[in-house]
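A short reminder: the numbers here are calculations on the coordinates, not readings from a lab. Note that the structure is a prediction, hence the values are computed from the model and not measured. Virtual Cβ from ideal backbone geometry, glycine too; neighbours counted across all protein chains shown.
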Amino acid sequence: MQNFDTVIERRGSHAMKWDGFAPVYQLESTEGILPMWVADMDLAAPDFVIEAIKKRLEHPIFGYTHVDEATNKAVQNWVKTHHNYEITAQDILFRSGVIPALANAIEALTAVGDTILISTPVYHPFYFVPTNLNRKLATCSLHEENGHYTFDFTAFEEALKTAQAYILCNPHNPGGMVWTKEDLQEIVRLCEKHNVLILSDEIHADLVFEGHTHTAIATLANPKNVITFMAPTKTFNLASIQSAFMIVPDEENRQKINAVYAATGHGAINVLAIEATRAAFEQGEAWRQDLLRYVEQNMDEVCTALNQLDGITAHKPNGTYLLWIDYRQTGFTEQEMMQRLLYTGKLALEPGTKYGEDGRGFLRMNLACSRATAREAITRFTKSLA
């Protein structure tokens with residue numbers, strides 16, 4: 001079992017989370033501030049992934065790459081075993097990240113001026129990727145009650161009437177919801193009724209806590225109507241390795257997506273990403289289980305502590321390592337809350353409006369960290385309210 005209690009110094013390692021957040025928060029100095037914002041872990045990647053990369057580095061040539069049969073098979077087996085989704089090697093299109101893959105699919109399968117629907121609050125690139133591609137963005141608010149989000153399917157269907165594609169976040173970032181099979185079946189029914197393509201970001205699919213089950217929405221739908229986006233990067237802390245894939249069962253959709261991809265001059269994922277992906281999916285299950293237990297314990301401890309603070313409510317998520325904290329009862333504005341956190345608590349969390357206006361009054365905290373770091377976050381958060 002990996003020792004997740006080890007605190008690893010990340011400053012000076014080109015880490016966006018630790019070395020690059022001054023301009024994000026408009027700070028002259030980040031000295032003494034604990035960053036718990038970007039969704040990568042402060043936990044070491046698995047030893048078996050690191051060893052796979054080291055072994056490849058022993059070969060002195062780094063030419064153009066080809067994703068081999070073993071890596072394809074590792075992805076197929078993982079998706080089938082963990083998500084009951086049986087796919088072929090041809091269905092898998094490797095990309096450098098989920099967001100580049102999402103952009104590729106939007107550009108290939110929708111037209112300029114088409115409407116892309118999102119459910120808010122939601123991961124912020126869902127706002128700018130469609131608009132940067134000259135698509136219209138439509139939003140439909142999720143219903144929130146006590147930090148728990150559900151779909152308003154009446155409003156959702158009304159929004160679908162003018163949309164050509166819908167971006168689903170499953171599990172949900174930032175709210176931590178793992179959508180039920182019944183919810184997903186209704187999304188499929190309504191999208192198929194209105195001929196809306198589903199683009200399903202499932203990058204957090206392997207980070208689901210006990211008592212909840214992730215369902216790949218593609219297992220409930222016509223293969224032509226869903227593109228699924230997954231990656232080993234969130235689960236195994238490999239973001240900068242840049243490995244992701246989309247699952248595209250329909251051949252016509254694959255051809256369109258690959259044509260746009262080729263037109264931009266992109267090639268295969270890099271050779272280290274191939275090695276890391278195969279190692280993670282071939283050897284990663286025991287490590288993943290240990291990680292989930294550890295992060296869930298962080299969640300339990302932090303939620304218990306924060307819920308004792310006046311005006312603060314922290315609901316344990318169904319999955320992800322992201323805690324969505326409700327501070328609306330404090331009466332603080334977002335600017336006031338962020339200033340208290342940054343200047344009094346010395347703690348960098350993400351403001352809720354980063355995920356849309358529906359996120360106002362919330363904060364996102366990343367708890368994929370050592371227990372000592374999680375406890376330090378409690379101390380700093382508490383100090384910020386004093």
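Numbers below:
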| quantity | calculated |
| --- | --- |
| Cα-based Rg of the chain normalised by 2.2 N^0.38 Å, two decimals | 0.97 |
| Sorted by Cβ neighbour density within 10 Å, fewest at the top, the residues Val7, Val248 | Val7, Val248 |
| DSSP bridge orientation in the chain - percent antiparallel, rounded to nearest 5 | 50 |
| Helical mean residue ellipticity (222 nm; -39500 (n - 2.57) per DSSP H run of 4+; nearest 500) of the chain | -11000 deg cm²/dmol |
| GNM flexibility winner over the chain from His143, His172, His66 (Cα, springs under 10 Å) | His66 |
| Cβ-Cβ FRET estimate between Arg375 and Glu69, R0 fixed at 45 Å, reported to 0.05 | 0.45 |
| Sites Phe153 and Lys224, calculated FRET efficiency, Cβ-Cβ separation with R0 22 Å, nearest 0.05 | 0.45 |
| GNM flexibility winner over the chain from Gln26, Gln185, Gln283 (Cα, springs under 10 Å) | Gln26 |
| Fluctuation leader among His214, His148, His59 - the chain, Gaussian network, Cα springs under 10 angstrom | His59 |
